[in-house]
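Worksheet: one structure, shown below.
Derivation of every value follows stated rules applied to the coordinates shown; laboratory data play no part. Every value quoted in this text rests on a predicted model; they were computed, and no experiment measured them. Neighbour counts are summed over all protein chains in view; Cβ atoms, including those assigned to glycine, are modelled from backbone coordinates with ideal geometry.
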Amino acid sequence: MTLQRRLLVLLLAGAPLIWAMAVGFALWRARAEINELFDTQQVRLAQQVAAMLPSASLSGAPARLPPRPADSGAAQLDDLSIAVWNGRGELLLADREGAALPFDARADGFVDHELGGAPWRVYYLRGDGSWHVAVGQAMEERRDLLRDLLASQLLPWLLMLPVLLAAIAAAVRRGLQPVRQIVREVQQRRAGSLAPIAVGAAPAELQPLLAAMNDLFSRIERALEHERRLTADAAHELRTPLAALRAQWEVAQLASNDDERRRAHQRIGAGIDRLSRLVAQLLALANVESREAPIFTESVDWHRVVERALSDCLVLLDETGSEVTVTWPHEGAPLPLTGDEALLATLVRNLVENALRYSPRGSLVALRFAREALVVEDPGPGLDAEQRSRLGDRFHRPAGQEQAGSGLGISIVQRIAELHGLQARFDNRDDGPGLRVTIERRPAASRR
């Protein structure tokens with residue numbers, strides 16, 4: 001069901017219901033007002049009759065009030081009656097209908113009676129015991145007045161109800177026009193268009209939705225841009241090792257002796273290793289860059305993280321003949337953090353692998369944990385300021401490097417650090433040649 005149809009159903013069903021409730025309330029109030037009006041008239045008429053009794057001569061036969069005029073207009077005078085009795089219950093004064101009113105010596109106030117098969121409301125006024133006055137009125141008179149009043153009021157309401165429903169339907173359709181306009185705008189877009197939707201002219205109720213849609217478009221555009229850039233860079237970077245493998249394969253096919261063929265096979269194996277590492281790094285980079293900044297809840301156990309990272313470096317440690325020393329703080333937990341231990345193990349592994357690859361054989365790489373930082377130091381040649389500023393650029397490797405690599409390791413480190421509210425800082429060592437990488441918390445201002 002569309003939003004417009006849902007609103008129409010609710011409003012068109014609710015309006016008659018509210019209208020009926022209003023009519024019921026008006027009926028209740030009108031009945032109360034009419035009863036109050038006629039009761040007041042009966043009380044005042046009884047009091048006026050009682051005020052005239054001391055000066056009237058009511059001895060002898062009961063007096064009859066003169067007949068009412070035939071032309072009494074709209075008033076139903078035969079629905080109103082008056083009767084006066086003495087203390088013994090003898091009728092002293094009455095009109096034609098009043099003679100039928102029952103005498104009740106104990107009555108004082110309003111009493112409902114049945115006279116001639118019709119309900120009457122009688123007001124009794126008891127004097128000092130020598131007289132009683134009764135003023136009665138047929139309830140049909142009140143009902144006729146209530147019906148006439150409601151008929152005169154309900155007819156315009158009934159006639160206007162269809163107009164009201166039509167106005168509600170038109171107002172709903174007009175009110176939802178901005179929604180239909182946005183729908184048309186989105187439907188007319190090209191498949192690849194992620195331009196933001198104009199928010200300024202939209203109603204205030206739709207602006208949060210449009211802002212959320214624009215934010216979604218922006219995130220999708222960034223994700224697509226990351227994918228396009230990664231695909232383009234990967235295609236460019238994969239071209240070189242694949243061409244080298246093809247060349248070495250041709251050399252192996254054309255080799256004239258076993259030694260030349262063995263050297264070609266060794267180069268092919270090294271090329272395959274480089275290609276495998278490049279593909280693994282590409283997959284790792286795609287994994288971390290596709291993630292939004294999550295809310296981590298699990299505390300990180302850095303001992304497990306380091307154990308996992310170093311176990312992945314065992315082959316490289318054997319090849320280089322190097323060692324890694326791990327130092328923990330004397331007091332307190334190292335770099336308290338909530339995060340993903342698998343991602344942090346990837347971060348540590350990339351830092352250690354880079355340190356091992358770019359250090360002389362048999363070197364000692366230091367992995368130190370402090371209270372608020374993680375530091376990796378190697379005894380390699382280090383980097384100048386311009387080279388350090390480009391660390392993290394995808395597929396960028398400083399000139400003159402002999403080690404196989406893809407230039408993606410630092411990009412992966414920086415992205416994982418960013419997801420955990422950390423940052424990587426690169427400096428040359430102060431106590432000798434080599435590079436120092438410090439992983440520390442980002443300043444609060446840069447996290448926003």
Original post:
How far apart, in nm, are two points set 7 Å out from the Cα along the Cα-to-Cβ line at residue 13 and at residue 167?
Top reply: 2.4 nm
**OP:** Set the Förster distance to 41 Å, then compute FRET efficiency between residue 99 and residue 22 from the Cβ-Cβ distance, nearest 0.05.
**Re:** 0.40
**OP:** Quick one: give the max-minus-min coordinate of the C-alpha atoms of segment 144-218 along each principal axis, largest first, in Å.
**Re:** 73, 21, 16
Original post:
Label point 7 Å out from residue 193 along Cα-to-Cβ: which residues of segment 156-181 have amide N under 15 Å?
Top reply: 181
Subject >> Summed side-chain charge close to residue 338 - residues other than residue 338 whose Cβ falls under 12 Å, Lys, Arg +1, Asp, Glu -1 >> reply: -4
Subject >> Computed label-point distance, nm, for sites residue 370 and residue 276 using a 7 Å Cα→Cβ extension >> reply: 3.8 nm
Original post:
What residues qualify as long-range amide H neighbours of residue 422, i.e. H under 5 Å apart, gap of 5 or more or another chain, H built at 1.01 Å from N?
Top reply: 442
**OP:** List the residues of segment 122-157 whose backbone N lies under 12 Å from a point placed 7 Å from the Cα of residue 37 along the Cα-to-Cβ direction.
**Re:** 142-150
**OP:** Please give the length that would be gained between residue 204 and residue 111 if that part of the chain were fully extended, namely 0.36 nm times their separation in residues minus their C-alpha to C-alpha distance (nm, one decimal).
**Re:** 27.3 nm
**OP:** Could you pull out every residue, at least 5 positions away or on a different chain, whose amide H is within less than 5 Å of the one on residue 87? Hs are placed 1.01 Å off N in the peptide plane, and Pro or chain starts have none.
**Re:** 131
Subject >> Label-point gap, in nm, between residue 244 and residue 259 - each point 7 angstrom along Cα→Cβ >> reply: 2.4 nm
**OP:** Excluding residue 298 itself, calculate the net charge of residues whose Cβ lies under 12 Å from the Cβ of residue 298, where each Lys or Arg counts +1 and each Asp or Glu counts -1.
**Re:** -2
